[in-house]
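A quick write-up on the structure given underneath.
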Amino acid sequence: MAGFRTVGEYCDYLFEEGGLKDEFQHVVDVATTNKTDFFRESSHFDFLSGKIIPPLFSSQRTIKLWSAASSNGAEAYTIAMVMAELARSYTGLRYAILGTDISSAMIESARKAIYPRAMLDPVPSALQQRYVMFDEGIGDSGRARIVPELRRKCGFQAMNLMDDSYPVDRDVDVIFVRNVLIYFEPEVQDAVVRRLWGHLRPGGHLILGHSESMIGTRIGLSQAASGVFRKDPR
């Protein structure tokens, strides 16, 4: 509430014309939970590389992946590392990754792709050598940056999962929306999952957090693994 002497003054400002709109993003940036890690719930990335993507190698099209609550981009760049590793073995593999988050501050952080060194600890050493720059052009020995090749594969935009519709393609192959739905009421969880489901191509996969698996089963989705649901391919 910088610049306001009392809570009452702040509330008066919020209800002035344009006040709530101007302040909303600041409130979001301060109040939202941004807990995230590289390779968090790593079994999902094993399933992505071992089960979901290989059948798509012959599709001859760009594989679309969406991190729908991307926070500072750690999840999106983890996906990018997994896909880049697959591309080393399967020449011609094309993919694009979208990261969305309600916080404009997190989106800006994701675009910069600069992280504390310790945050990269879960990344296997071989992948760190290929996809992480330490000290180069950062000017801070305590930080590291994702390589340009992966940054070019990832686009980021602000988006609210609570909105009635999403400005995203409706032929996405894989959607990650992990460890965010637990903060919503059950009816909101169901509505968000149904909207995301509408953006998957037939046969596509929706990946929830391990603690959120019950949401998918509750609305009758086809479960492929813990937290992983597949859309009917027909």
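The values are calculated or read from the model by the stated rules, or taken from the named source; none is laboratory data. Computed from a prediction, not measured in an experiment: that's the story for all the values here. Glycine gets a Cβ as well: all are built from the backbone with ideal geometry, and neighbour counts include every protein chain shown.
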Go through Gly216, Gly227, Gly204, Gly209 for me and flag whichever is free of Cβ contacts under 8 Å to residues at least 24 places away in the same chain, crowded, with 17+ Cβ neighbours inside 10 Å and closer than 20 Å to Leu65 by Cβ. Gly216
Hey, any hits in region 105-123 for a residue that's within 26 Å of Arg230 (Cα to Cα) and in contact with a Phe, Trp or Tyr (Cβ under 9 Å, 6 or more places away or on another chain)? no
When you look at Thr91, is it polar (S, T, N, Q), under 26 Å from Lys51 (Cβ atoms) and in contact (Cβ under 8 Å) with a residue 60 or more places away in the chain, yes or no? no
Mind counting the residues in region 145-166 that are part of a loop (DSSP other than H, G, I, E, B) and under 15 Å from the mean Cα position of the chain (by Cα)? 4
Here is a list: Ile79, Ile63. Which entry is touching a helix residue (DSSP H, G or I) at 6+ places or on another chain (Cβ under 8 Å), crowded, with 21+ Cβ neighbours inside 10 Å and assigned by TED's automatic domain parsing to the domain that holds Arg151? Ile79
For region 191-217, what are the residues that are assigned to a helix (DSSP H, G or I) and at pLDDT 95 or above? Ala191, Val192, Val193, Arg194, Arg195, Leu196, Trp197
I'd like to know if region 126-133 contains one or more residues that are exposed (fewer than 14 other Cβ atoms within 10 Å of the Cβ) and at pLDDT 95 or above. yes
